[in-house]
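Before any comments, here is the structure.
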Amino acid sequence: MTAMPGMNFIILLVLIAVVALFAAAFGKRGKAGYSFTGCPLMSESEIRFYRVLQMAVPNELVFPQVGMAALVRPRYAGADSRFVPAFRTISQRRIDFVVCNRDSMEVRCLVELDDSSHDARRDQARDTITAQAGYRTVRVRAGRRYDIDGLRRRVLDISGGQDRLSG
């Protein structure tokens, strides 16, 4: 029994449609349905403070929005069962500003700009992690104006411990 002449063409079209549907449904890498858009690196308040911080320490390098995992890592070996949970506590966190010595790139301190979005409990947990790693944190309350000389003294102070500065 032979197929009708146009039937092969219709079967071919149906097969192409089925393959295209499967490719559309299952051919995506990662999770299907996610969509992304760009966003600003910093808020207007952070941009204003960044400029003030650069004026306060003109001979240092200031890096905004640094991933905590770039500066801190768990003390456990990768095979240790505690490594992954410990890494998860730092992997999604950001440090507002990292101030480094221009020549050696040694971290002088971390600067956190505390605004209405900051949660005191999470900030304390963050400060505990970074202090364990040997970093000093200067906390600055967000404001319209900043004391540049006071900020400079706190950022360049190498005395260790946590610093707090009102805006």
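Return the tail of the calculated pair distribution for segment 44-159, meaning the percent of Cα-Cα pairs more than 22 Å apart.
35 percent
Given 0.36 nm per residue, what is the gain on full extension from Asp103 to Ser35 after removing their alpha carbon distance, in nm?
The Asp103-Ser35 span can extend by a further 20.4 nm.
Just order 43-52, 97-106, 134-143 by mean Cβ neighbour count inside 10 Å, highest at the front, would you?
134-143, 43-52, 97-106
Scan around Arg139 for amide H atoms under 5 Å from its own, H built in the peptide plane at 1.01 Å from N, and keep only partners 5 or more places away or cross-chain.
HN-HN under 5 Å from Arg139: Glu112, Asp163, Arg164, Leu165.
Rounded to the nearest 5, what % of DSSP beta bridges with both residues in segment 71-144 are antiparallel?
If we restrict to bridges inside segment 71-144, about 45 percent are antiparallel.
Report the gain in length on full extension from Ala120 to Arg153: 0.36 nm times residue separation, minus Cα-Cα distance, nm rounded to one decimal.
The span from Ala120 to Arg153 would gain 9.5 nm if fully extended.
Using the count of nearby Cβ atoms within 10 Å as a rough guide to exposure, how do Leu110, Leu151, Leu61 rank from fewest to most?
The order, fewest Cβ neighbours first, is Leu61, Leu151, Leu110.
Each value in this text was obtained by applying a stated rule to the coordinates, not by laboratory testing. Predicted model only: the values in this text are computed from it and were never measured. We place every Cβ from the backbone using ideal geometry, glycine too, and count neighbours over all the protein chains shown.
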